[in-house]
1. Any residue at all in the range A:7-17 that is modelled with pLDDT under 90 and more than 27 Å from residue B:150 (Cβ to Cβ)?
2. Checking the condition buried (at least 18 other Cβ atoms within 10 Å of the Cβ) and at pLDDT below 90, which residue from A:35, A:31 passes?
3. Would you mind finding the one in B:36, B:8 that is at pLDDT 80 or above and not basic (Lys, Arg)?
4. For the range B:47-92, name all the residues that are exposed (fewer than 15 other Cβ atoms within 10 Å of the Cβ) and within 15 Å of residue B:154 (Cβ to Cβ).
5. Please pick out the residue among A:26, A:9 that is small (Gly, Ala, Ser), part of a helix (DSSP H, G or I) and within 10 Å of another protein chain (Cβ to nearest Cβ).
6. Show the residue pairs that are 6+ apart or on different chains and have beta-carbon atoms under 7 Å apart, the first residue being within the range B:169-187 and more than 10 Å from chain A (Cβ to nearest Cβ) and charged (D, E, K, R), the second being surrounded by fewer than 16 Cβ atoms within 10 Å (Cβ to Cβ) and not in a helix (DSSP H, G or I).
7. Could you check residue B:159 against (1) over 21 Å from residue B:50 (Cβ atoms); (2) of a type outside the set (Asp, Glu); (3) within 10 Å of chain A (Cβ to nearest Cβ) and say which number it fails?
Amino acid sequence: MMTETCSHADAWLMLPWLANGRLSGAERVRVEEHVHGCVQCTR
Amino acid sequence: VKANSYSDPGMAEPTYRGAANAARETDLIARIAEGDRKAFEELYHLYHRRLARFLTRLTRRYDIAEEVVNDTFWVVWRKARSFRGDSQPSTWILGIAYRKARNAFRSSARLAEKNLQLEQLPHTDEEPASTEELRDWLGRALAELPVEQRLAVELCYELGHSCEEIAAIMDCPVNTVKTRLFHARGKLQRLLPQLATPIAAAADGNARGSVSTSGRQP
């Protein structure tokens, strides 16, 4: 399970559902936080 | 990052339609279980277009898609009584369509393989040329993927299902769904960077837009 801070690999796997808007509230917050702070993701 | 920021308005039909619709559809299935033809007709109208599009994209063959749609509704009619409501109606129906599509694939795999080059989907007038072109690109890229990955892509991006719903439809663990999409995205990223990674695409699009605009100025 994902912990409070989401690893890059975890976030990367979840991106399809960030894109289609189907992540649950807590999941979405974790993935979004990661994406905004991650050099690889924002590249 | 905005949800659906990547999507073309012509591509995505909103399919996650909320709890009210799920309750309505559960009620329809209960009536179908009692042999109510009107309820069946209503469910047919709710799902026919969605299933036909999903299956046509998946099989790239109108004849197979239509056959699978008919088979699916036949099962819905006969098995409505076995729907217990422990999954969403859409998950149940898509699950049936998925299994029917797999069977159709198996029996016509050889033929489909042979005809893939010949059977081009005819153009329709309902969409602008750019969308049509995009769909064709995407269709060709998707055809390169193994069928399980292609299904996962369709269920996620085209039909808007959650990871858990796709796992229920495909009858596999959640992690398998994630892995299938991971591999599919990797392959699509090489073929279609702008579709496979919406976030990178938005940034890339902006950057390229400004470059080309300034490039045109004397």
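The values are calculated or read from the model by the stated rules, or taken from the named source; none is laboratory data. Just so it is clear, the model here is predicted, and its values are computed rather than measured. As a convention, Cβ positions derive from the backbone with ideal geometry for all residues, glycine included, and neighbour counts pool all protein chains shown.
1. Yes; the residues of the range A:7-17 include at least one that is modelled with pLDDT under 90 and more than 27 Å from residue B:150 (Cβ to Cβ).
2. On the way: A:31 fails: at pLDDT below 90.
The unique qualifying residue is A:35.
3. B:36
4. Once the filter is applied, which keeps residues that are exposed (fewer than 15 other Cβ atoms within 10 Å of the Cβ) and within 15 Å of residue B:154 (Cβ to Cβ), the range B:47-92 yields only B:49.
5. Numbers: A:26 fails: within 10 Å of another protein chain (Cβ to nearest Cβ).
Selected residue: A:9, the only one of A:26, A:9 that is small (Gly, Ala, Ser), part of a helix (DSSP H, G or I) and within 10 Å of another protein chain (Cβ to nearest Cβ).
6. B:187/B:144
7. Among (1) over 21 Å from residue B:50 (Cβ atoms); (2) of a type outside the set (Asp, Glu); (3) within 10 Å of chain A (Cβ to nearest Cβ), the lone unmet condition for residue B:159 is (1).
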